[in-house]
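Every read-out reported here was derived from the displayed coordinates using simple, explicitly stated rules and does not represent laboratory data. Quick caveat, the model's predicted, so the values are computed rather than measured. Backbone-built Cβ (ideal geometry, glycine too); neighbour counts: all protein chains shown.
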Amino acid sequence: MHDTQMKYLDLTLSTPHENLACDEALLDLCEGGGGDELLRFWEPRDYFVVLGYANKAHSEANLEACREAKLPVLRRCSGGGAVVQGAGCLNYSLFLRIAETGPLQNITETNCFIMKRQQEALQSAFRRQIEVQGVTDLTIEGLKFSGNAQRRKREFLLFHGTFLLDFNLGLIERLLPMPSKQPDYRNGRQHLEFLTNLSVPAPAVKQCLARAWNASEPAGPVPNAKIEELVTEKYSQQKWNLKF
């Protein structure tokens, strides 16, 4: 399953808003029949906070600290919890076709299938004991270095996540309170006691995952007009970003 060649896109746009909108625009393109299965990478340059689709901004982010630091609080189109993004993070996005049979039939099976492949690929490449914990977290010795989420449509799904490679973990402590939903393995640990950096170069992770997903063929044109529309009407609007 998913051993056919996948398209590859290494594209970081200039603003956090555009990068979040790009994932949604690419999912819409695939769903509409205009795109193939795809692996995208992007590396944020500026710090910002991203809420999961259903997160309450006032409880999942320290809004006062974000205002003081002049950092935007945005919302993505997928589930999961709040994260801090910026230099030292690597983001990936998988756009996969939901076949009539196979491991992508529901949320749970999709989580298991994708996380297992990610875990095995990284463990083999970097020769470190990596585990899947808390459904869609990747950990080393119980410390989380990657969180993931998905959004499903009828024909395609988006599964995306972040790798902490060389990130300022203290910033997470400052900008995010303890999350309202926590996996059991966290055991109430504060962010600095719970998170770690993978401490490998971004190109090495990209190469590892591209090989794991057989993604080498360059992607087609990016839907720039749709990205711009989503930024204007959604990702730059407080009614979307702070809606709960």
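Tell me, what HN-Hα J-couplings in whole Hz come from the Karplus equation 6.51 cos²θ - 1.76 cosθ + 1.60 at θ = phi - 60° for each residue of region 218-226, using x for Gly and Pro?
Couplings: x, 6, x, x, 7, x, 4, 5, 5 Hz.
Give me the net charge of CYS30's neighbourhood, meaning all other residues with Cβ under 14 Å from the Cβ of CYS30; Lys, Arg count +1, Asp, Glu -1.
Details: positive: LYS7, ARG40, ARG97, ARG151, ARG152, LYS153, ARG154, LYS226; negative: ASP23, GLU24, ASP28, GLU31, ASP36, GLU37, GLU155.
Here the count lands on +1.
Can you put THR12, THR4, THR162 in order, fewest other beta carbons within 10 Å first?
So the ranking, lowest neighbour count to highest, is THR4, THR12, THR162.
Using a 10 angstrom Cβ neighbour count of at most 14 plus a DSSP loop assignment to flag exposed trypsin sites (Lys or Arg not before Pro), which longest range of the chain is free of such sites? Numbers along the way, then the final one.
Numbers: sites that count: ARG45, LYS56, LYS70, ARG127, ARG128, LYS153, ARG154, LYS181, LYS243.
Maximal segment without exposed cleavage sites: 182-242.
For the chain, what is the charge dipole size about the Cα centre, in debye to the nearest 20, if Lys and Arg each add +1 at the Cβ and Asp and Glu each add -1 at the Cβ?
Values: 28 positive and 29 negative charges, 82 e Å.
For this selection, approximately 400 debye.
Rounded to the nearest 5, what % of DSSP beta bridges with both residues in region 31-108 are antiparallel?
Antiparallel: roughly 75 percent of the beta bridges in region 31-108.
If packing is taken as the average number of other Cβ atoms within 10 Å across a peptide's residues, how do 102-108, 212-218 rank, most packed first?
Per-residue Cβ counts within 10 Å, averaged per peptide and sorted highest first, yield 212-218, 102-108.
Taking every DSSP beta bridge with both residues inside the chain, roughly what % is antiparallel (nearest 5)?
The answer is about 75 percent antiparallel.
Run through every distinct alpha carbon pair of region 157-244 and return the Kirkwood hydrodynamic radius in angstroms, one decimal place.
Kirkwood hydrodynamic radius for region 157-244: 17.1 Å.
Which of the chymotrypsin sites (Phe, Trp or Tyr not before Pro) found in region 26-59 are loop residues per DSSP with 16 or fewer other Cβ atoms within 10 Å of their Cβ?
TYR53
From the square roots a ≥ b ≥ c of the eigenvalues of the alpha-carbon gyration tensor of region 107-164, which class results: rounded (a/c under 1.5), prolate (a/b over b/c), or oblate?
Since a/c reaches 1.5 and a/b is larger than b/c, the shape of region 107-164 is classed as prolate.
Calculate, axis by axis, the spread of Cα positions in region 6-241 along the three principal axes, and write the results as whole Å, longest axis first.
Here the spans come out as 43, 42, 31 Å, largest first.
Note down the relative contact order for the chain as a percent, whole number, built from C-alpha pairs under 8 angstrom at least six residues apart.
About 28 percent, as a whole number.
Sequence neighbours fewer than 8 away in the same chain don't count; with that in mind, list the lysines whose C-alpha is under 22 Å from LYS70.
LYS56, LYS234, LYS239, LYS243
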